[in-house]
Amino acid sequence: MRVYLAEIYRLQEDSPTVSTTSLAERLDVSPPAIPRMLRRLQSAGYVKHVPYQGVELTQLGREEALREVRRHRILEVFLVNVMGFSWDEVHEHAGGLGAGLNDRLADRMAEMTGFPQRCPHGEPIPDREGQLPEVDDVCIVNLGVGHQGHVSRVRTHEPEKLQYIASLGLIPGVQFEILGRAPFNGPMRLRVGREEVVIGYELMKSLWVTSV
């Protein structure tokens, strides 16, 4: 149940309501399993159905989802900083280990990793009261030539994409400048440190940045 709420929360970051199809794809479960769980969540007061659109979290559901998001993202930081996993591995591992993680363990992991405010992918970590650090960033696809800034978040959990993005040096915190951009959703040329790299449109959609 916790995993469903957290995934609905993540999907609602990009859309006000969440369809059963998108939820099944994200959770990698069979579509018939989704309505059964959603009925349970609705009965518990965690979600509400929006006719012809999908579901959305209630306030109670959002609070519970943020608790799970906090545990998951702290666990990701712990796996990278303490256990030495790479950022392209940790989402799956955290998903598998998260079922046994309670708030007391999550708090200890947070203490051991310096009370992080971001996960390895740059996503904000809610505090114990469910408050998120302020994030003021935009997707790089909305920016033009000459823009300078820092990578804020990399919004994908696909290992192959994360490995490639890391090979380009486009990890959270790194500074960049847009040197060129092809029309019609073509690739973008960036300066990252002393290197010039090219990134395609599909990967650009995962890259969220802040201005200098």
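The values are calculated or read from the model by the stated rules, or taken from the named source; none is laboratory data. Please read all numbers here as calculations on a predicted model, not as lab measurements. Positions of Cβ are generated from backbone atoms using ideal geometry, with glycine treated the same way; all protein chains shown enter the neighbour counts.
Tabulated results
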{"item": "Of all residues making up region 142-158, the number that are surrounded by 15 or more Cβ atoms within 10 Å (Cβ to Cβ) and not in a strand (DSSP E or B)", "result": "5"}
{"item": "Condition check for Gly54: crowded, with 16+ Cβ neighbours inside 10 Å and at negative phi", "result": "no"}
{"item": "Close pairs from region 138-162: first acidic (Asp, Glu), partner not in a helix (DSSP H, G or I), Cβ under 9 Å, at least 6 apart", "result": "Glu158/Asp88; Glu158/Ser206; Glu160/Asp88"}
{"item": "First in region 1-21 and assigned to a helix (DSSP H, G or I), second anywhere and of a type in the set (Phe, Trp, Tyr), Cβ under 7 Å, 6 or more apart", "result": "Leu5/Tyr46"}
{"item": "Odd one out for Val69 among (1) surrounded by fewer than 21 Cβ atoms within 10 Å (Cβ to Cβ); (2) in contact with a Lys or Arg (Cβ under 8 Å, 6 or more places away or on another chain); (3) in a helix (DSSP H, G or I)", "result": "(1)"}
{"item": "Unique match (being within 20 Å of the chain's Cα centre (by Cα) and either exposed (fewer than 14 other Cβ atoms within 10 Å of the Cβ) or in the same structural domain as Gly149 (by TED's automatic domain parsing) (or both)) among Leu203, Leu179, Leu190", "result": "Leu203"}
{"item": "Any chance Leu170 is in contact (Cβ under 8 Å) with a residue 12 or more places away in the chain and in contact with a helix residue (DSSP H, G or I) (Cβ under 6 Å, 6 or more places away or on another chain)", "result": "no"}
